[in-house]
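**Q** Okay, here's the structure, questions in a sec.
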Amino acid sequence: MKRRASYGPERRQMVEKQLRARGIRDSSLLEAFLEVPRHRFVPDKWVERAYDDGPIPIGHDQTVSQPYMIAAMVQAARVSPGNRVLEIGTGSGYQAALLSAMKAQVFTVERIPELADQAATRLDELGHRDVEVRVADGTLGWEEFAPFKSVIVGAASPRIPEPLLQQLGETGRLVIPVGRDYSQVLHVVTRRGDGYRTKRAERCIFVPLIGKFAWKRKPAVH
Ligand code: SAH
């Protein structure tokens with residue numbers, strides 16, 4: 001397949017039509033979407049569809065999420081330069097690259113070793129050398145680098161994993177899709193001292209979060 005060099009016009013269109021027009025306002029996030037080459041994070045056969053308005057398969061039954069859904073999550077997480085951000089579900093590494101382009105300190109956990117390896121290689125090639133990638137069960141968080149200003153979970157859980165709440169810093173925010181197999185609601189949890197406030201945002205559909213504090217194994221398809 002022919003690969004064009006940059007896909008700049010496609011990226012600009014994605015930002016205008018899919019993100020800005022739907023209410024994404026965080027300017028450093030929009031800048032990051034203009035900068036990061038999404039086509040470098042999808043398998044070759046999907047390159048021409050990389051800037052479409054939807055998720056894309058990345059192998060191992062996983063997907064890189066729709067651009068708008070990533071934007072909604074990162075915006076809800078209120079990421080600023082220098083913030084420590086924990087991402088659960090590295091997948092392709094695309095969201096980690098966006099967070100790195102926003103100058104966050106990114107710690108990302110993936111349970112499938114092949115995806116983690118591929119993502120780490122890509123991130124490195126694209127110059128995001130500050131992203132730490134780890135193969136582990138992300139429902140346990142990443143204790144060593146806690147507390148985090150933001151925790152963003154890119155897979156759906158039947159409940160909010162307790163370790164992720166514990167590893168949130170003061171005024172920290174956790175964004176996670178919560179619900180049943182193929183229908184969830186984005187939850188945004190804010191920490192205030194010892195308390196947590198939870199807001200429900202939009203409906204969404206994510207692949208399952210599989211681990212000790214989420215689904216024990218892949219839920220059956222109904
Ligand atoms: N945001 C990612 C896509 C995430 S897809 C991107 O930009 O490409 C969700 C990912 O979560 C999948 O790769 C899946 O393997 C991973 N995952 C599921 N359960 C997990 C767990 N307990 N810990 C870490 N990763 C998990």
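**Q** Against the longest principal axis of the chain, how steep is helix 113-125, in degrees 0 to 90 to the nearest 10, with axes from Cα atoms?
**A** 60
**Q** Of the options 74, 97, 121, report the single residue whose Cα projects farthest towards the positive end of the charge dipole of the chain (beta-carbon charges: Lys, Arg +1; Asp, Glu -1).
**A** Ranked along the dipole, the leading option is 74.
**Q** Express the accessible area of the chain per residue in Å², computed with a 1.4 Å probe while the remaining protein chains stay in the model.
**A** That works out to 48 Å² per residue.
**Q** Another question, if that's okay. Please work out the Cα center distance from the stretch 41-69 to the stretch 6-22, rounded to the nearest Å.
**A** 15
**Q** Okay, next question. What trypsin sites (Lys or Arg not before Pro) does the stretch 18-103 have in DSSP loop regions with at most 15 other beta carbons within 10 Å?
**A** Values: sites: 20, 22, 25, 38, 40, 45, 49, 78, 84, 103; in loops: 25, 78, 103.
Loop-located and lightly packed - 25, 103.
**Q** Determine the alpha carbon to alpha carbon distance for each of 45/212; 45/199; 45/218; 17/218 and list only those over 30 Å.
**A** Values: 45/212 34 Å; 45/199 38 Å; 45/218 26 Å; 17/218 34 Å.
Over 30 Å Cα-Cα: 45/212; 45/199; 17/218.
**Q** Scan the stretch 14-70 for chymotrypsin sites (Phe, Trp or Tyr not before Pro) in coil per DSSP, keeping those whose Cβ has at most 11 other Cβ atoms within 10 Å, and list them by number. Show your work: numbers first, answer last.
**A** Working: sites: 33, 41, 46, 51, 68; in loops: 51.
Taking the stretch 14-70 and a limit of 11 other Cβ atoms within 10 Å, no loop chymotrypsin sites (Phe, Trp or Tyr not before Pro) are found.
**Q** Using the crude model of +1 on Lys and Arg Cβ and -1 on Asp and Glu Cβ, and no other charge, please compute the dipole size for the stretch 64-222 relative to its Cα centre, in debye to 20. If you can, show how the numbers build up before the last one.
**A** On the way: 21 positive and 16 negative charges, 145 e Å.
Using Cβ point charges on Lys, Arg, Asp and Glu, the stretch 64-222 gives about 700 debye.
**Q** Still on this structure, I have one more. Binning every alpha carbon pair distance of the stretch 8-204 at 5 Å from zero, what are the percents per bin?
**A** 1, 8, 17, 22, 23, 17, 9, 3, 0, 0
**Q** On to the next question. Among the aspartates and glutamates, which fall within straight-line cross-link reach of residue 149, defined as a Cα-Cα distance under 12 Å, with same-chain neighbours fewer than 8 residues apart omitted?
**A** 87, 170
**Q** Quick one: net charge around residue 163, please, counting Lys, Arg +1 and Asp, Glu -1 for every other residue with C-beta under 13 Å from its C-beta. Please report the intermediate quantities before stating the final value.
**A** Details: positive: 159, 212; negative: 137, 143, 144, 162.
Result for the local shell: -2.
The values are calculated or read from the model by the stated rules, or taken from the named source; none is laboratory data. Just so it is clear, the model here is predicted, and its values are computed rather than measured. When we count neighbours, we look across all protein chains shown, and the Cβ atoms used for this are built from the backbone with ideal geometry, even at glycine. The area values use the complete protein model at the heavy-atom level, side chains included, leaving out ligands, DNA and RNA. Shrake-Rupley method; radii C 1.70, N 1.55, O 1.52, S 1.80 Å.
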